[in-house]
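The values are calculated or read from the model by the stated rules, or taken from the named source; none is laboratory data. Values in this document were obtained by computation on a predicted structure and should not be read as measured data. Virtual Cβ from ideal backbone geometry, glycine too; neighbours counted across all protein chains shown.
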Amino acid sequence: MQGTRSIRLQNKKEDAIKLADFLHSCATTYKIPDSAYNDLRLVLEEVFINIASYAYDKDDIQMISVDLNDIDDGINITFTDTGVAFDPLSYTYDDMESADHSEGGMGIHIIRSLTDHQHYHRAGQSNVFTVTKHYTKHNKE
Amino acid sequence: MSLDIVITPEANNGKRISIAGSLDSNTAPQLQQSIDNEISDSVTATIIDFNGLDFLSSAGLRVIFKAKKLMDGNGGKFLLVNLQPQIKKVFEIIKALDGMNVFKDQEEMDEYLAAMQDKVKEGE
């Protein structure tokens, strides 16, 4: 296993690009297969944009940490921010089929669908949100 | 990770919006701008051509569904074509494919449009 790699980002949506680049830079070392990589790229975007959009006041520039932790059968990704307490798992559409998709609310549904486990807790002044995705690591060098 | 948008006219005052690259929270406003500029009440059909799009997030989906709402309100058609597997998967996750006109390629869409035109002629 390759341990943990971390990046610190500002709560600006432009930093989603840095996060995608970061995942890309880890993909080979972490032996992430293509299908899981595509899913993780989307999950990272959805979680990050959610935090960047809602955790802080508009002009309050703060840091968001993202840790990628290589595990035996996949990856754990932890997002930590010091914004307003918010459990993203508390918010979901009961019925996605009849939802008005032009109104949003799809992000958390995508996150739940593309990861195997999600966990939120408030640690002191921080929101800590972790997702786990299982996959078989590829053997490409 | 940029988005390329090309707008081309289609038959009977339709518009094709071809998107390539990444439709995400940073690029979605560009597509919204194009739709605002191009999709007027007189447009009878809007085709979103996904050929070349390799990433789609919920911010991009919102723009697509707003455009659909606009076309539904105008009584126009809204068609999606050339969805790559990873793009189609996102639509499937949010259970949004029912009630949408989605075509795997140009040929399938042409068949649909020809059948629709035949129906219109029969009604004349």
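Numbers below:
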| read-out | value |
| --- | --- |
| Yes/no for A:Ile51 being touching a strand residue (DSSP E or B) at 6+ places or on another chain (Cβ under 8 Å), buried (at least 16 other Cβ atoms within 10 Å of the Cβ) and within 14 Å of chain B (Cβ to nearest Cβ) | yes |
| Members of the range A:57-76 that are buried (at least 18 other Cβ atoms within 10 Å of the Cβ) and closer than 17 Å to A:Asp15 by Cα | A:Ile64, A:Val66, A:Leu68 |
| Members of the range A:7-60 found to be more than 20 Å from A:Gly107 (Cα to Cα) and of a type in the set (Val, Ile, Thr), listed by number | A:Ile7, A:Thr28, A:Thr29, A:Ile32 |
| Answer residue from the range A:68-110, given it is away from chain B (no Cβ under 14 Å) and among the β-branched types (Val, Ile, Thr) and is farthest from A:Thr136 (Cα to Cα) among those | A:Val84 |
| Any chance A:Ser113 is within 12 Å of chain B (Cβ to nearest Cβ) and either aromatic (Phe, Trp, Tyr) or surrounded by fewer than 16 Cβ atoms within 10 Å (Cβ to Cβ) (or both) | no |
| Counted residues, the range A:91-111 - those being over 16 Å from the mean Cα position of the chain (by Cα) and either farther than 20 Å from B:Leu61 by Cβ or modelled with pLDDT of 90 or more (or both) | 0 |
| Residue list for the range B:62-96, filter: closer than 24 Å to A:Ile17 by Cβ, in contact with a strand residue (DSSP E or B) (Cβ under 6 Å, 6 or more places away or on another chain) and at the interface with another protein chain (Cβ under 8 Å from one of its Cβ atoms) | B:Val90 |
| Residues within the range B:36-61 that are within 12 Å of chain A (Cβ to nearest Cβ), buried (at least 21 other Cβ atoms within 10 Å of the Cβ) and outside any loop (DSSP other than H, G, I, E, B), tallied | 6 |
| Selection status of B:Ala96, aliphatic (A, V, I, L, M) and either in a loop (DSSP other than H, G, I, E, B) or in contact (Cβ under 8 Å) with a residue 40 or more places away in the chain (or both) | yes |
| Residue that is surrounded by the fewest Cβ atoms within 10 Å (Cβ to Cβ), among those in the range B:2-35 that are polar (S, T, N, Q) and within 13 Å of another protein chain (Cβ to nearest Cβ) | B:Ser2 |
